[in-house]
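Heads up, the thing below is written out as structure tokens.
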Amino acid sequence: MMKISGRITWCCVALLLALTSVSAVQKELDSIDDLKQINFRQSVPKHSLLLLHWFANKIDIDNNDIIRLAFDLNSGDYGSHHYGNFEGLLDPLPRGNQHRYYTIGNLYREAPIQLPPYVVHPRRQYVGENRDRIIARVRDPNIEGRVHRRIDRVFITQHYDTNENLGTPYDPDHTYRITINLLRQIREFAVGQNQQQLMHLRNRFGSSADGFDIVNTWGELACLGLLLYIVFQEKPSSNQQNNRPENEINPWNGINSYIPRILPSFGDVVVNINDAEDHEAIRTTGNIIAVPRINVRRSFRYNPKD
């Protein structure tokens, strides 16, 4: 009887440990709105989003949602190395020798191929003290000659903060599985896109960011700057529309617009028309002003009725 009771107790403990381990990896980030829910300022280094942005744009994703990696993890490229998962942070590997976990993103590890400067030497507010990592589960990692290895799971994680005095393991409370949908969204913010593409992204994700200010601040990294602004500065809202039409741009945000607008009455309003056929200012007085398909400038003046 005592043996049976002991076995039941041991099974309960094992089940509890298994459920605890699984709960750590069931936290899933599926969209940029999910990223907004993370407390980057207090609990998670902002640098982890820089690392995730780089990774999302370094991998290949085909039409069947198969992720392939074009660099050699066994050679230590981009600060990578094998991860044994000894603390049970992630699910055990499937049986056989066809899968392996790797961590990517150690800034201090000597590597044949280094991470880009915006990840290694970020702006001051995005320094992460080398705590954040990407973890990838790779299929067939030991097959020689295979260049594009297949990845079937991606995680973002971080080492415990030194102030927590918990050593160097990864923090299960801040380990998240990254879905292919989120990777695809981040890939839209690839480095080197032009200003028109930047404005399209701003509208598609319902952002109020000042496009000109981001371009002036970030230069060729403007799309990355927009992503950081959306995640860190803008919280998700039930009224936010993530798929606004590309041409729906607010003219008062410093961007030209060719959309008819209805403006409230301010008394006398001067609208400047920048058109090849008519360069004269039109003065209109009334309750409503309908602006035709013209280039509306941000600067205007009005005379209040009172």
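Here the label points at residue 216 and residue 63, each 7 Å from Cα along the C-beta direction, are separated by 4.4 nm in the simple model.
Roughly what % of DSSP beta bridges within the stretch 19-187 run antiparallel, to the nearest 5? For the stretch 19-187, the DSSP antiparallel bridge percentage is about 95. Residue-wise HN-Hα couplings along the stretch 47-52, as the Karplus relation 6.51 cos²θ - 1.76 cosθ + 1.60 with θ = phi - 60° gives them from phi, are 4, 4, 6, 5, 5, 5 Hz; Gly and Pro carry x. Rounded to the nearest 20, the size of the Cβ-charge dipole of the stretch 19-187 about its Cα centre is 300 debye, with Lys and Arg at +1 and Asp and Glu at -1. Taking Lys and Arg as +1 and Asp and Glu as -1, the other residues whose beta-carbon sits under 12 Å from that of residue 77 total +1. When peptides 191-199, 170-178, 130-138, 32-40 are sorted by average Cβ neighbour count within 10 Å, with the highest value leading, the order is 130-138, 170-178, 32-40, 191-199.
Can you bin the stretch 19-187 into rounded, prolate or oblate? Criterion: square roots of the alpha carbon gyration tensor eigenvalues sorted a ≥ b ≥ c, rounded for a/c under 1.5, prolate for a/b above b/c, oblate for the rest. In terms of gyration-tensor shape, rounded. Fully extending the segment from residue 140 to residue 204, taken as 0.36 nm per residue of separation minus the present Cα-Cα distance, adds 19.3 nm.
Read-outs throughout are calculated quantities, based only on the coordinates presented, and are distinct from any laboratory measurement. Note that the structure is a prediction, hence the values are computed from the model and not measured. Heads up, the Cβs are rebuilt from the backbone with ideal geometry, glycines too, and the neighbour counts pull from every protein chain shown.
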